[in-house]
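For reference, the structure discussed in these notes is given below.
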């Protein structure tokens, strides 16, 4: 499936929908609400009327297009996907023929990690895409926040680090979307959690289950020695070289931000030395794998073991403000974008 073709008119009419569009690379002001063609589902597809999404650091990096690697994927001179956004939550409005997994009226949440398009009132996705029924007790805003950082944190902790009971983990950037999810997932897996964040968020990370906290404005966790089985840097303000001493023998350093350095370190530490460095490309997971991860997270949310953390909520008309917030690198939890009204 590809994004619907964009049209120039800004006056709402039948057959159109509102969407947040960025036709050029640049700062937050390049995003604007426009009327675009409303998609229609084909056989085996769903049309979802969306109510909420999230603005993430990865989406903002795509909007800016500063790095060559970003341009190679998203378009050298201008964006190939003018409608960005991955996570969404809403209601199934129409189903194509052959769809049996979902029905009209189902509340669903999901992620469109390769085709994007979540920053619009409607999206068409395959019935076997990365979507699940939304936990009944969550609003759509809460649902996108629950799945926001968790779809990244879960593969890092469960699959790459193989985190388990009795281990210790330090989470750097613990008050962001990935960090707040990582705290809750690490506690689910039975680990002892040390959370690193600013002074203003110390109490937040404690309420999420952190066993101990470090205020990065007064203490440098990299000065510790042989303290952690896992160091999970969710904001890439550290490095394997700096964090290596804080790892126990056999420990692993994880980062969410790809770079030539971490790729080289992952290669040579996989063969040499007692401490490892790694990155997991969660956005490249297949839809079936993503759907299983969403189901896992949904079960934790339904049991009350995983709670959403929303730092800010913006209507789509003020999306530029959400982008500015994320660009600061200091948002708490998720920056939720309200796209439509829940029925």
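How do 142, 203, 302 line up, fewest other C-beta atoms within 10 Å first?
203, 302, 142
Expressed as a fraction of 2.2 N^0.38 Å, the C-alpha radius of gyration for the stretch 219-288 is 1.13. Could you tell me what % of all Cα pairs in the stretch 149-282 have separations over 21 Å? More than 21 Å apart: 31 percent of the Cα pairs in the stretch 149-282. With N the number of residues in the chain, Rg(Cα) / (2.2 N^0.38 Å) evaluates to 0.99. Angle of helix 260-269 to the longest C-alpha principal axis of the chain, folded into 0 to 90 degrees and rounded to 10: 50°. D by Stokes-Einstein for the stretch 45-112, Kirkwood Rh over Cα pairs, 10 °C, 1.306 mPa s: 115 µm²/s. Across the stretch 189-238, Cα pairs under 8 Å and at least six residues apart give a relative contact order of 32 percent. Taking Cα atoms only, the orientation of helix 140-154 departs from the longest principal axis of the chain by about 40 degrees. When the helices of the chain are scored as -39500 (n - 2.57) per DSSP H run of n ≥ 4 and the total is divided over every residue, the value at 222 nm lands at -7500 deg cm²/dmol.
A viscosity of 1.002 mPa s and a temperature of 20 °C, combined with the Kirkwood radius over Cα pairs in Stokes-Einstein, give a translational diffusion coefficient for the stretch 26-69 of 158 µm²/s. Sorted from greatest to least, the principal axis extents spanned by the alpha carbons of the stretch 111-194 come out as 44, 24, 23 Å. Report the antiparallel proportion of the DSSP beta bridges in the chain as a percent, rounded to a multiple of 5. Roughly 55 percent of the DSSP beta bridges within the chain come out antiparallel.
Can you tell me which of 316-327, 51-62 comes out highest on packing, and rank the rest after it, using the mean Cβ neighbours within 10 Å?
51-62, 316-327
Once the convex hull of all Cα atoms in the stretch 262-343 is built, its volume per residue stands at 191 Å³. From the alpha carbon centroid of the stretch 49-127 to that of the stretch 162-208 is 28 Å.
Quick note: the coordinates plus some simple rules give every number you see, no bench work behind them. For clarity, every value in this text was computed on a predicted model and none was experimentally measured. Reconstructed Cβ throughout: ideal geometry from the backbone, glycine too, with neighbour counts over all protein chains shown.
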